[in-house]
Amino acid sequence: MFTWVRQVQDDEEKDRDIQSKKVKLEAALFKRHQKEVASRVREMKAQEDVKRQEEYLNQAYRRVCRRKRKRLAGILSKMLS
């Protein structure tokens, strides 16, 4: 076999190895990025859930306060009549 043919084959094999390593690195970077994005999305959803729960509790508290004020106003009006 000619030495130059062997050299070309070796060069092509090195190029394939380099390309394979690049692809694996890009895949690992993409995976890491996807995990980071998923983590951020989970955090945002958790924060939204907390806000929603707080708003629900605030609304419930305001409803209870309105009812108590109405009852108290009714009691006071009866006492003053």
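The values are calculated or read from the model by the stated rules, or taken from the named source; none is laboratory data. Please read all numbers here as calculations on a predicted model, not as lab measurements. Virtual Cβ from ideal backbone geometry, glycine too; neighbours counted across all protein chains shown.
Some points to look at:
- Filtered residues of region 52-81 (kept if loosely packed, with under 10 Cβ neighbours inside 10 Å and either of a type in the set (D, E, K, R) or under 24 Å from the mean Cα position of the chain (by Cα) (or both)): 78
- Note on region 1-56: residues that are of a type in the set (Lys, Arg) and at pLDDT below 95 amount to 1.
- First in region 1-20 and assigned to a helix (DSSP H, G or I), second anywhere and modelled with pLDDT of 95 or more and surrounded by fewer than 10 Cβ atoms within 10 Å (Cβ to Cβ), Cβ under 6 Å, 6 or more apart: none
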